[in-house]
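Nothing in this text is a laboratory measurement; each read-out follows from the coordinates by a stated rule. What you are looking at is a predicted structure, and each value in this text was computed from that prediction instead of being measured. Don't worry about glycine lacking a Cβ; one is built from the backbone with ideal geometry, like all the others, and counts go over all protein chains shown.
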Amino acid sequence: MEISLVGEPGVNQFGSESYRPRSRKTWALLSYLVLSERPPSRSRLSSLLFGEAADPLRALRWSLSELRRLLGPDAELSGDPVVMVLPSDVVVDVRLITSGRWQEAIALRGLGGELLEGFEVLGSPEFESWLLAQRRHIAGSTEDVFREAALALLGRGESDKALPLAVSLVGMNPYVENHQALLIRAYLMSGDAVAAERQLQACTELFVKELGSPPGLTVRAAFLSHPETAPRGTDVAAVHAIIEAGAAAMAAGAPEAGVVSLRSGVAVADSLAGPHLRASSRLALAAALVHAVRGEDEEGAVVLHETIEIAQEAEDDDLEARARVELGYIDMLAARYDRSEKWLALDMLHTSDPGILARSHSYLGCVQSDRADYKPARETLNAAVEYSRLAGDRRQEAYAASLLGRLDFLLGDLDSATRTLNESIELGQSDAWLAFLPWPQALLGEVHIERGDHHSASRILEQAFARACQIGDPCWEGMSGRGLALLAEARGDTKQAFAVLDDAADRCSRLSDTYIWAEAYILDTQCSLGLLHGHEQTMDWTSKLYDLVTRTGMRELQVKAMIHRTKGGGENEHRAAGNLAEDISNPRLLAMTAKS
């Protein structure tokens, strides 16, 4: 059985059209059951979809009977809350789009369509609010599928198949620099430098006209990328020496020289044709592109897909696992959470290496926390700390601890947040990881503000901001800037608070591969202060935040965006926000929805 909810809804079984329900509410009910985080109660379903009926519960029972007829006898649909269990061989398009393999998702006939296309007014503002958010999320997930498919095909050397996908991706959202960069790279890898140059020119004209500035480093770097040629007289020892030289240059703060050396290492490894060496050299290059060079995540992703293909050929599970974890990290930063979870899934990482598992658990815990799945996030991050200790990796332990500290802070446990963030800072300092310290320091500064300790907050936030600026990290600049804005507001200097927040938002979004959650976090503060003080840009900020968090699935920030929209005079989404907050285990959020 194939269930299609994107585009015109339908169910096909054995190649023929199945029973057609007599009410659109049945399709709405099916969509809600498929996409809900957990089984909904009958009272919620009846008020959500049948609130205008004379007997809402009876109307729900009728729709459930229609749904049972639609799905057939092998599907289970019962209880309160309502639990739906579909047979394992049932294919649901939205599930493939959000968490399936790209090979399957890209073949869906409705891919690119709208969730429940043509369904507009169903008599329930709350359901319409839910449907709008889900449509944005599916649209974002569809872009992610096209992107991943194009990257994977480029990694396989199949640029002719990747090119039309990259073209479609730019058509979906032409203002995303990474989409433009991917299309330019696809043209170059297919041997059409003229088309690549034309695309760069068209992109530049579009950005200048519509956004007021040319595209950034990511697009220019894509056009300038080219394969290195291998020097003569090389061997395995030379490859290792070249990679070591590249790593040393990166560590010494010379990323451009390091990347040139690592590209050369890949070229030499290819000339020797050993799969293990070809994969390991690419992994070193990709790590440098992703972690040390600003705006190079997309090229790094192409190299990582190449690494996976070659590692599978070499039957090297650890190399494949490392590449998967790096791809999970890239998608985590970009808030492509569904794809990130797929890369980081333990059943796909065939490794027992504690260092690899420390990274995978850290990134997966971050994804879960960003999405407000706080209980599993804590378990995952605690495991990340343990794996980091087993691996003897103090930096990874510091990173995992910082995420645990953030989780405690978001849940309102200031004592635990203070303790854990201080541990993270101490670990980072003990390993001289100065580039990391602004992140836990910015979070700890906010904890001090909530405690009313403005002196400590000022000291640590100013240090975090100075360090972030010194290393040029836009995410940490934005996070510490947000803290300084909150401090200015706490001291009564509202004008300064807005000025610092504007600056923080600009800094955090100036590159295309920054941490999207941080960008949304800053936007949320702009909305809160804007509503409090009647700022003229408040509704623009609120719309931008709502669009960002619904597309990505940041559930807690979605609740806050809905509250902001309601307070700002937009659609009344208080009830929908309250229901969503109930699914999130955060007492602070529930208290916020109760007050609003």
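Worth pointing out:
- 14 Å beta-carbon shell around LYS544, net charge (K/R +1, D/E -1): -2
- Amide H contacts of LEU115 (H built 1.01 Å from N, under 5 Å, at least 5 apart or other chain): GLY7
- Here's how it looks for VAL83: its modeled amide H is under 5 Å from those of SER78, which are all 5 or more places away or on a different chain.
- Lys/Arg +1, Asp/Glu -1 at C-beta; the chain dipole; positive extreme among GLN368, VAL259, VAL85: VAL85
- Residue pairs, from the table LYS567/LYS595; LYS25/LYS595; LYS342/LYS544; LYS560/LYS595, whose Cα atoms sit over 23 Å apart: LYS25/LYS595; LYS342/LYS544
- Taking other C-beta atoms within 10 Å as the exposure proxy, VAL219, VAL176 rank VAL176, VAL219 from fewest upward.
- Per residue, the chain reaches -23000 deg cm²/dmol at 222 nm when only DSSP H runs of four or more residues are counted, each adding -39500 (n - 2.57).
- Percent RCO, i.e. relative contact order, over the chain, from Cα pairs under 8 Å lying at least 6 residues apart: 9
- This model, with +1 at the C-beta of Lys and Arg and -1 at the C-beta of Asp and Glu, gives segment 349-434 a dipole about its Cα centre of some 140 debye.
- Gyration tensor (alpha-carbon) shape descriptor, the chain, a/c threshold 1.5: oblate
- In this Cβ point-charge picture (+1 for Lys and Arg, -1 for Asp and Glu), the chain has a dipole of about 1160 debye about its Cα centre.
- Pairwise centroid distance, computed over Cα atoms, of segment 430-492 with segment 1-63, Å: 48
- Farthest towards the positive end of the charge dipole of the chain, among the residues PRO587, VAL290, THR307, is the Cα of PRO587, using unit charges on the Cβ of Lys, Arg, Asp and Glu.
- Working note: Karplus 6.51/-1.76/1.60 with θ = phi - 60° gives segment 49-57 the couplings 10, 10, x, 8, 6, 5, 10, x, 5 Hz, where Gly and Pro are set to x.
- Packing-based order for 580-593, 556-569, 313-326, using average beta carbon neighbours within 10 Å, highest first: 556-569, 313-326, 580-593
- Note on segment 139-224: Kirkwood radius taken over Cα pairs, Stokes-Einstein applied at 37 °C and 0.692 mPa s, translational D equal to 260 µm² s⁻¹.
- The charge dipole of segment 2-123, taken about its Cα centre with unit charges on the Cβ atoms of Lys, Arg (+1), Asp and Glu (-1) only, comes to about 340 debye.
- Residue exposure proxy: CYS469, CYS366, ordered by other Cβ atoms within 10 angstrom of their Cβ from fewest to most, comes out as CYS469, CYS366.
- Dimensions (Å) - segment 431-490, Cα atoms, principal axes, largest first: 30, 22, 13
- Segment 236-315 shape via C-alpha gyration tensor axes, a/c threshold 1.5: oblate
- Available extension along the chain between LYS567 and HIS276 is 99.0 nm, counting 0.36 nm per residue and deducting the alpha carbon span.
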